[in-house]
Each structure stands twice: as C-alpha cells, then as structure tokens.
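Participant: Before anything else, here's the structure in question.
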C-alpha cells in the first residue's frame, strides 16, 4: 500500500473514532448470514434461563392490582426470533403470577421492542407471532439513554446486548496513551491499561444505562438481564469473549502482513464489547443505588462452539464493513472460515464464556429533605453562626469521626513472629531468603570476608565478624543458595575458574552454592560449587573452589562453622521457602482461616469501627503475581470489604510492602533486607496505588461504601528513603487516588529513623483529605529498656502527647494513631464537613500496641498502660489502629487483650 493511501486512511480513522457512537446492528433480513438465521447460541442460553426468569418474576415482582396494563421492554431485541421466545416466557410467568395473586382478570400486555435506529425492524415485525398475547411497538434508540416515560415499565428484559459499548475509548487509539492497543482488536491478552480503558468505558455506559432505567422502571418492577461476564478475581484480559475473537483478529493480522489492509486500520479498531466480573457489575449497581440485587449469578456451564463464519458475520459485519471497507469483507470471512476449521468448542470453565443472570428490583422512589432552609441547623451551614460555627463544626467532628481501628497484620502480608507455625513446614527453614550468615574457617579460625565489602576476591583473614564478613542468602531451593555481600554483589567463581570473588551483580550457576550441613552438628557446613568442588580457605589470603575431599575434621580447609546472625520471615521467605508447588495452598489455607467474617463480627461488637489492612505490591498482579508470590490475596481483600460493609465498619488499605523495600523489614516484602526503594521505583509503586484506587466507577475499592482511606506506603525509613523522593511519590500517589475518588482519604506515613516528625506538614497542608500516619511503640529503643511501668505510662502522657500535638495543626491534614470515642454512624456527614473545610492537619496513630520492654508486669500494669495510650492516641484527629488483631504474642493481640480484660475500648 502506498504512503498516500495510509496517510488518507489515518485522517479517515481519526474522523471515524469520533463517529463510533453510531450504531452497528446485527445483520438484518433472513439471508444465510442474517442474525435471524445465526443466533442459536444466544437462543440456547436464553432457553436455559427460562426457569430462572419464571422464579425471578414469581418471587420478586410487585404487581399493582389496580393496573389494567402491564408493560415490558426488550432492550437490544435485534430481529428475532429470540425476542419472541423470551416475551412468550415472560408473559407466561406473569400470567402465573396474576393467578397466584387471585386476579379476577388478566391485565393486557404491552411489549416495546427496542434496538438501534438502524436495526432491521421490518424483519422483526414481519415475523411477529400471529398468536401473540401482547400489543407490540418498536422503540428505536440507544439504551444508554432514556427511551420511555418515567415509571411506565414493569419489566425490562435484555439478553446478550449489554456487552456492547456505546463507543470506543479515545485512549485506545491514541499512540501516546499507555492504553494504545496496537495490533489488536480487543483487550484479550492486552496490557492492563487496555483492559482498564475498556472497563472505564463500560462503567460510564452502565452508569448511563442504570440511570435511565431507574427513571423508566416503576417501583417494585424488575430488570432481567442475561449477559456474558467473567469470574471474580480475573483480569479483563482473561475475559469471556476472547476465544471467539482471536480467529478474527488473527485473520486481520495476516491481511496486514500481506499489505491487504494497512496497519493503521487494525491499530485504530477496537471491538466495542466488554465482559464484567460479577463483583465489578455489583459495584456499579450498588453505586447507582436505585436497585436491589435480587440475583446475580452465573448460568449453568456448557460448551460453546467457536463462531461460524456466518455467525461472525451476523454479529460483526456492519462494524467491520464500516471500518475496514466493503471490498475486503468477503476475503476476510473466507480466511476466517479456514482459520476456525477443526477448532474445539469453548467450555464455560477456566474463566471463559461465563453467562451471567441478573435480577434487579426497582427501589421505591426517594424524597429529598430541604433541610436548613425554613428550619436552620448549624452543622449544615456553620457560617450562619459566625465565629461559633467553626467551634460547632469541631464539636461534630469530635463526636463522630476518629477511627477505632485494628491492623489485620500477618494476614495478606505475613510476618513470621506473629504466627511462627506458618513457617514450620519449610525444609531448612532457618536458611530462608535474607538470612544473614557468617562462616568461620575451622582450620584457620578466621572468618570468610568479602574484601572491601565486595568487588574483589574473598579472603579468610578476619578474627571477628561484621559487615564484610556477613553474607545474605538468596534461596534457590532448600539446599542451594546465592550469597550476597555487603556491597550487594554476589559470591561466585571467576571466569569459570576456581578463584572465589564477589564481583557479579547477577546470579547464575557460577553464583549458586549448595550448603551441605553436618548431620551431627548442623552449624558445620561445606560450600559446594556448581563444578562439584568445595570452597576452601587454604590460607588467609587464598580462598578457592577446588577442594575434592569429604571429611569434617577441624583441620579440613573446606569446613566452616556457620553462624546465623539475623533472619527474615516475611511473605517472600514464606512463598519461596515452600516453593511453587506448596505455597499457594499454604497461603490459601492461611487467608481462609486467619481472618474470617466471625472476626469482623467480634470487632464490631467490641466498639471497633475500622480495620487497617496491610497489602503488598504484588496484589496488583493478582491472580498471577511475579514469583515467588502467589495469587489470592485480592479475593481475601474483597471479602474484607464485604464483611466490613455487613458489620458497619470502614477499611483502610495500607500499602505495606513496596517493590525494592522502603525499610528493609521482612513485612515490606523484601527478599534479603536491603532497602532499595528510590526514585526509580516511583512509577511502579504509583501503579499499585492506581490499581487499588482504580476508577471512580471502575475501581475495585474507590467507591466501596466501606473504603475510608488508602495509605500510600508504610514506614519509609530515613535516611534510606530521601525526603524529596518521598514527597514526589506521595504527590504522584495522591494524584492517582484523586483520579479515581474524591472521597477516599489519602494517608502519608511519616518516615521512621532520623527524621523530623513535622517534615510532611507543609507538603500535606496543600492537599485535600490527607492524613499523617505516626507509629508509636515503647519498644525498639534502648531508652525504653530501663523504664518501669509507671515511667512508661508517664512517657505516654507527656512525650507522646507532645509528639502527637506537633503533627496536629489547624487547617492541615488529619492525624492517625488510633483511637475513637464513638461508632462511625455519622461518617458520611463528617466527610461532608471536610469537603467544606480543610479543618485540621489530621494525624493517625496507625500502629501502637499494648506490649512494652518491661518484663514481669502485672495485669493492672498492662491495663493502665493500655488506658494511657487510649487517652492520648484518642486525640489523633483521624483515629488510631492497634497492632494487631491477633498474634502469637498475647499483648500484641487486641483480640486476646479484649477477651482477657486487659483493655477496654
């Protein structure tokens, strides 16, 4: 194809993208490629749902006895005959319903058949059944807008039409957008941003659809929907329609390769179809607020053949002809017919071809109170009361807002100290990733050392051990490891020789060693290299990998005494320790049992009104995160939102572990304890926040009734995390949340270590609905080791109280430590206050606990210590969160503290 044609085509396609809202109906008439002759698969699905339709109508529909007319609308009726069968089934069920309700005579039935204005209504009405029991009319127009007068419909029915979008997202055709869908006609196997663009378009369309139907459907009326979908926990790229479109996409790609069509044509074309997950659809319905969900479930599984060429033409020819030109259509479908020959049917399992059955019932129409108009109320407009207005608003804030929360630690981000038994089944579980070891030559009585901390050879000349003599393990399997040195290089063999060095920044066979432990004394080890020989310290300056002996006596130069000086027990250590075969089941069992719905009931009954849930960066790649992490934590988080909503609680989602590690602690998801998060990690970390806060309409959590806040990062450590870098990330993370939600609070964690507790105040004060998170423990510092109980308590009332005051400022962000005075029944009112005024710089005591360094304290001592913290941390304007809900160490477990009367909330 010539350059002139491609240039013209590019201009044409830009115009066409603006015209995508134009309708593209099913192929009309009754020819061999018509929808009338090629809709048997849709008919089979609808037929299988007959009993579901009947039970839905009998069990949920409200019928006005005075009504003499019953009105039904089929949205997306096409040309028949499927719509006629469906209307017959619905009227049969309505007749049965009327008889059950003892109607003296049946009402008359009116059916409105709706589809796009270009639909072949002539064929539809020519084929109307002569024995029909209803009056029929055609209503052309898009169902993404209003079609009928207010409250005039009793039943709305739609079968396999709502997957069609109103148009194509402009992002998909923008070469500068991350959602540019180059070389594809759909979002199957496309980058996540493509699926997000589709998802957002679907959310916008469904918002319009539901808003229109809420006006048209009478109170008590039903909306009955059959549609394709996908299982919960799957990504849009794992959608249900992908297998049916792959052959068509492949044919178009072949035609590009053969220069029959231009690559611009396929790059700018995106089939406007979308399959939501059940949870995604539920969120959109709940957001609308006008419908009760009577049923939302999958249809029975079955096998579905790949679309024949005729079926494909009946559904897609009009849109393909418009975009790719009429002259290529015959060739395209000839190729398609050849391509699909012999392909097996698609089964409604494994995430594909899932049919959804949805029953929505219109809620009664609501009235709106015009409060604070003829009878004034100060809280609704404080300025009416002059200077006292702000004081009144502060009073309302004090009564309703601060959270009493608990951290669900060790649930979705594991920490071994909180449940040590979780790691018991790992072979060699004292040698997990990040374990720090030192090797003493039994012959020389000197330690192996990475000279200069790395970058050169290993020696064995140190009488004592420190950083250069400490090696961090990367676990390959239960016996084979990589050894990382102080400067982060790996121990290995030089150029496949026998000299042992620490110069490589990557790992391979030459950097992998088997640690062979003595059966009688497991601290005695030998290090076998990939060449089968052993590392030996033949002298203080010569360490080689060429020993072939097998002895264990102290004079053997290949024998070392291994000392474990530190270890990690986090999510990485757990999953890599168990390995890909066992880790998924171990974690699934843990998620299902460690936190359950019963725990949310317990929390709610004990005056807690929120949970802070730590998550790791890998949740954004669920269900297939990078190894060794395993999928499933996203579903557990979904469960938490469901349970929180049921028991009137709120959820704070806390990004506890970021890629690269912000603090080197095992709960950050680190592999070896090095703190490596920095400016180069900002973009990938913001992507996780974007995932968690995804879309106002399309987000998993942004519009969840239970979402209170998203914390951008837990405990960044100074000086490793630079303040300017942190602010840059916090700004980008804040923007990512605000892109999807104006209501969710954004929590900024103060840096730990040598940092000014007020360093974020000026930055945060320029942002809306922002919280500063401070963590207070009377632990982890030598200064607490000598304090008795009374000194600890006085420290809380004095130093902690003063510290909290420094991060609580008028007209700034909120603070979070963790205490509240009442349940959160009026949270929505308080959020309204904050939309009016940036009232305070809000702190949150995001972590505190009932444990301290003092040994031998009485129960009364612990009770007094807990009370002091509740008194002080209750002044945090956003609230507090106890660490943790449950833990093997009793005083760290709020559940244990409550059950054993150590704390009163």
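The values are calculated or read from the model by the stated rules, or taken from the named source; none is laboratory data. Note that this is a predicted model, so its numbers are computed, not measured. Here the Cβ positions follow ideal geometry from the backbone for every residue, glycine too, while neighbour counts run over all protein chains shown.
Participant: Which of the strands (runs of 3 or more DSSP E) contained wholly in segment 604-714 include at least 2 residues that are under 29 Å from residue 471 (Cβ atoms) and modelled with pLDDT of 95 or more? Full working, then the answer.
Facilitator: Details: elements: 610-616, 650-657, 707-711.
Correct list: 650-657.
Participant: While we're on this one: What about residue 136, is it without any contact (Cβ under 8 Å) to a residue 60 or more places away in the chain and in a helix (DSSP H, G or I)? Quick ask: steps written out before the conclusion?
Facilitator: Numbers: without any contact (Cβ under 8 Å) to a residue 60 or more places away in the chain: yes; in a helix (DSSP H, G or I): no.
No, not satisfied.
Participant: Would you point out which residue out of 812, 818 is at pLDDT below 60 and at positive phi?
Facilitator: Values: 812 fails: at positive phi.
Criteria check complete, one pass: 818.
Participant: While we're here: Anything in segment 148-169 that is closer than 25 Å to residue 271 by Cβ, in contact with a helix residue (DSSP H, G or I) (Cβ under 8 Å, 6 or more places away or on another chain) and at pLDDT below 95? List them, or say none.
Facilitator: Filtering segment 148-169 down to residues closer than 25 Å to residue 271 by Cβ leaves 157-169.
Pick out the ones that are also in contact with a helix residue (DSSP H, G or I) (Cβ under 8 Å, 6 or more places away or on another chain) and you get 157, 159-160, 162, 165-169.
Across segment 148-169, the qualifying residues are 159, 160, 162, 165, 166, 167, 168, 169.
Participant: Give me a count of the residues in segment 118-130 that are surrounded by fewer than 17 Cβ atoms within 10 Å (Cβ to Cβ) and in a helix (DSSP H, G or I).
Facilitator: 3
Participant: Return yes or no: is residue 419 out of contact with any helix residue (DSSP H, G or I) (no Cβ under 7 Å at 6 or more places or on another chain), modelled with pLDDT of 95 or more and closer than 30 Å to residue 609 by Cβ? Can you show your working first?
Facilitator: Numbers: out of contact with any helix residue (DSSP H, G or I) (no Cβ under 7 Å at 6 or more places or on another chain): yes; modelled with pLDDT of 95 or more: yes; closer than 30 Å to residue 609 by Cβ: yes.
Considered against the rule, which asks whether it is out of contact with any helix residue (DSSP H, G or I) (no Cβ under 7 Å at 6 or more places or on another chain), modelled with pLDDT of 95 or more and closer than 30 Å to residue 609 by Cβ, residue 419 comes out as yes.
Participant: Somewhere in segment 437-455, is a residue in contact with a helix residue (DSSP H, G or I) (Cβ under 8 Å, 6 or more places away or on another chain) and at pLDDT 95 or above?
Facilitator: The initial filter retains those residues of segment 437-455 that are in contact with a helix residue (DSSP H, G or I) (Cβ under 8 Å, 6 or more places away or on another chain), namely none.
No - not one qualifying residue is present in segment 437-455.
Participant: Out of the residues in segment 229-243 that are surrounded by 23 or more Cβ atoms within 10 Å (Cβ to Cβ) and either in contact with a strand residue (DSSP E or B) (Cβ under 7 Å, 6 or more places away or on another chain) or part of a strand (DSSP E or B) (or both), which is modelled with the lowest pLDDT?
Facilitator: In this case the residue turns out to be 240.
Participant: Only one of 203, 197 is over 28 Å from residue 254 (Cα atoms), in contact with a helix residue (DSSP H, G or I) (Cβ under 8 Å, 6 or more places away or on another chain) and either assigned to a helix (DSSP H, G or I) or assigned by TED's automatic domain parsing to the domain that holds residue 109 (or both); which?
Facilitator: On the way: 197 fails: over 28 Å from residue 254 (Cα atoms).
After ruling out the rest, the residue left standing is 203.
Participant: Go through (1) touching a residue at least 60 places away in the same chain (Cβ under 8 Å); (2) crowded, with 17+ Cβ neighbours inside 10 Å for residue 555 and report which single condition fails.
Facilitator: The number of the failed condition is (2).
Residue-wise test of (1) part of a strand (DSSP E or B); (2) under 33 Å from the mean Cα position of the chain (by Cα); (3) not assigned by TED's automatic domain parsing to the domain that holds residue 244.
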position: 283; (1), (2), (3): no, yes, no
position: 287; (1), (2), (3): no, yes, no
position: 294; (1), (2), (3): yes, yes, no
position: 306; (1), (2), (3): no, yes, no
position: 314; (1), (2), (3): no, no, no
position: 328; (1), (2), (3): no, no, no
position: 332; (1), (2), (3): no, no, no
position: 336; (1), (2), (3): no, no, no
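Participant: Tell me which residues, restricted to segment 140-168, are in a loop (DSSP other than H, G, I, E, B), in contact (Cβ under 8 Å) with a residue 60 or more places away in the chain and either more than 13 Å from residue 215 (Cα to Cα) or not assigned by TED's automatic domain parsing to the domain that holds residue 212 (or both).
Facilitator: 142, 160, 161, 162, 163, 165, 166, 167, 168
Participant: Among the residues of segment 612-630, are any in contact with a helix residue (DSSP H, G or I) (Cβ under 9 Å, 6 or more places away or on another chain) and more than 22 Å from residue 660 (Cα to Cα)?
Facilitator: Looking for residues that are in contact with a helix residue (DSSP H, G or I) (Cβ under 9 Å, 6 or more places away or on another chain) and more than 22 Å from residue 660 (Cα to Cα), one finds none in segment 612-630, hence no.
Participant: Further question: For segment 245-270, name all the residues that are closer than 17 Å to residue 165 by Cα and either free of Cβ contacts under 8 Å to residues at least 12 places away in the same chain or surrounded by 21 or more Cβ atoms within 10 Å (Cβ to Cβ) (or both).
Facilitator: Looking only at segment 245-270, we keep the residues that are closer than 17 Å to residue 165 by Cα, and these are 245, 268-270.
Passing the criteria: 268, 269, 270.
Participant: Also: Report yes if residue 482 is in contact with a helix residue (DSSP H, G or I) (Cβ under 7 Å, 6 or more places away or on another chain) and part of a strand (DSSP E or B), otherwise no.
Facilitator: Working: in contact with a helix residue (DSSP H, G or I) (Cβ under 7 Å, 6 or more places away or on another chain): yes; part of a strand (DSSP E or B): yes.
Yes, satisfied.
Participant: Just to be sure I understand, how many residues within segment 769-792 are buried (at least 20 other Cβ atoms within 10 Å of the Cβ) and closer than 16 Å to residue 855 by Cα?
Facilitator: Residues flagged as buried (at least 20 other Cβ atoms within 10 Å of the Cβ) and closer than 16 Å to residue 855 by Cα within segment 769-792 amount to 2.
Participant: A follow-up question, please. Taking the conditions exactly as written (at pLDDT 95 or above, more than 17 Å from residue 557 (Cα to Cα) and in a strand (DSSP E or B)), does residue 472 satisfy them or not? Walk me through how you get there before you give the answer.
Facilitator: Values: at pLDDT 95 or above: yes; more than 17 Å from residue 557 (Cα to Cα): yes; in a strand (DSSP E or B): yes.
Yes.
Participant: (1) at pLDDT 85 or above; (2) surrounded by fewer than 19 Cβ atoms within 10 Å (Cβ to Cβ): which one isn't true of residue 312, the others all being true?
Facilitator: In the conditions (1) at pLDDT 85 or above; (2) surrounded by fewer than 19 Cβ atoms within 10 Å (Cβ to Cβ), residue 312 misses (2) alone.
Participant: Related question: Could you tell me which residue of segment 105-117 is farthest from residue 75 (Cα to Cα), considering only residues that are touching a helix residue (DSSP H, G or I) at 6+ places or on another chain (Cβ under 8 Å) and assigned to a loop (DSSP other than H, G, I, E, B)? Quick ask: steps written out before the conclusion?
Facilitator: Residues of segment 105-117 that are touching a helix residue (DSSP H, G or I) at 6+ places or on another chain (Cβ under 8 Å), as a first pass: 106-107, 109, 111, 113, 115.
Those left that are additionally assigned to a loop (DSSP other than H, G, I, E, B): 106-107.
Numbers: 106: 24, 107: 22 Å.
Looking at the filtered set, the residue picked out is 106.
Participant: Could you please let me know if residue 525 is in the same structural domain as residue 442 (by TED's automatic domain parsing), at pLDDT 95 or above and in contact with a strand residue (DSSP E or B) (Cβ under 9 Å, 6 or more places away or on another chain)? Let's see the steps before the verdict.
Facilitator: On the way: in the same structural domain as residue 442 (by TED's automatic domain parsing): yes; at pLDDT 95 or above: yes; in contact with a strand residue (DSSP E or B) (Cβ under 9 Å, 6 or more places away or on another chain): yes.
Criteria met by residue 525.
Participant: Does residue 622 fit the bill of being within 21 Å of residue 753 (Cβ to Cβ) and assigned by TED's automatic domain parsing to the domain that holds residue 597?
Facilitator: So residue 622 does not fit the description; no.
Participant: Specify the residue that is farthest from residue 565 (Cα to Cα); the eligible residues are those in segment 528-544 that are in contact with a strand residue (DSSP E or B) (Cβ under 8 Å, 6 or more places away or on another chain) and not in a strand (DSSP E or B).
Facilitator: Of everything passing the filter in segment 528-544, 531 is farthest from residue 565 (Cα to Cα).
Participant: Have a look at 753, 733 and point out the one that is surrounded by fewer than 19 Cβ atoms within 10 Å (Cβ to Cβ) and in the same structural domain as residue 691 (by TED's automatic domain parsing).
Facilitator: Working: 733 fails: surrounded by fewer than 19 Cβ atoms within 10 Å (Cβ to Cβ).
Unique residue meeting the criteria: 753.
Participant: I would also like to ask the following. From the list 384, 374, pick out the single residue that is part of a helix (DSSP H, G or I), modelled with pLDDT under 95 and over 30 Å from residue 299 (Cα atoms).
Facilitator: Of the residues listed, the single one that is part of a helix (DSSP H, G or I), modelled with pLDDT under 95 and over 30 Å from residue 299 (Cα atoms) is 384.
Participant: Can you tell me which residue in segment 560-602 is farthest from residue 645 (Cα to Cα), limited to those that are in contact with a helix residue (DSSP H, G or I) (Cβ under 6 Å, 6 or more places away or on another chain) and in a loop (DSSP other than H, G, I, E, B)?
Facilitator: Residues of segment 560-602 in contact with a helix residue (DSSP H, G or I) (Cβ under 6 Å, 6 or more places away or on another chain): 568-570, 575, 578, 583, 586, 591, 597, 600.
Among the residues that remain, those that are also in a loop (DSSP other than H, G, I, E, B) are: 568-570.
Values: 568: 35, 569: 32, 570: 29 Å.
For segment 560-602, the residue satisfying everything is 568.
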